[in-house]
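Taken together, the values in this text are just the output of simple stated rules run on the coordinates, not laboratory data. Only a predicted model underlies this, so the values are computations on that prediction, with no experimental measurement involved. Methodologically, a virtual Cβ is constructed for each residue, glycine included, from the backbone with ideal geometry; neighbour enumeration extends over all protein chains shown.
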């Protein structure tokens, strides 16, 4: 195989992998985990049934990669906001607003994400992928909280690591509540309350 042929083959492989991931994400959104048969995925991706095993090793691994990719895409605006230049507290408040928007606009995707979370205790590959995502988010949040501490914008008792974990716990708790009882769960109000706690902590630090 010459160089041109090799590159063409690699491009074809990449497109097939991408179609399989996109098809899996779409089926999860519209039908949940029950819709994820290998045949349905292959049909939606216009791919050979054997391509799932060829490119991912198993359907379970394909589902894992698809869900983590979807979660990272959803959270990318939040990470970008937190990582950008600007005043740390403002960035945190903007990030809370972005998370509220995600909860409001992507309810179906989040329901599918919960299904993957539920499967993680018995699936090491899903657990590892979710852990990597969680740690990435916790690291970015902790960096921003540490910056606020260094600037004297938060009380000295605040622990960047623990506070980052708390924020993620609030996000996941709101997600669960939004799926379990959507009629009585106001993610915007919850986000606003949490944002006010952050602002009050900042005010307390400045008055001491």
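Things to note:
- The chain: angle of helix 160-180 to the longest principal axis, Cα-based, in degrees nearest 10: 60
- Shape category assigned to segment 85-130 from the gyration tensor of Cα positions, a/c cut at 1.5: oblate
- Nearest-ten-degree value, helix 187-207 long axis tilted from longest Cα axis of the chain: 40
- Three-way shape call for segment 103-208 based on the alpha-carbon gyration tensor, with the a/c threshold at 1.5: oblate
- Value of [θ]222 nm, deg cm²/dmol, for the chain, DSSP H segments ≥ 4, -39500 (n - 2.57) each, nearest 500: -27500 deg cm²/dmol
- Segment 64-163 - Rg (one decimal) and Dmax (whole number), Cα, Å: 15.1, 43
- Each principal axis of the Cα cloud of the chain was evaluated for its coordinate range; sorted largest first, these ranges are 69, 46, 28 Å.
- Between 0 and 90°, nearest 10: helix 3-31 axis offset from the chain longest Cα axis: 60
- Cβ-Cβ FRET estimate between residue 34 and residue 168, R0 fixed at 30 Å, reported to 0.05: 0.60
- Reported to the nearest whole Å, the Cα centre-to-centre distance from segment 30-49 to segment 59-102 is 27.
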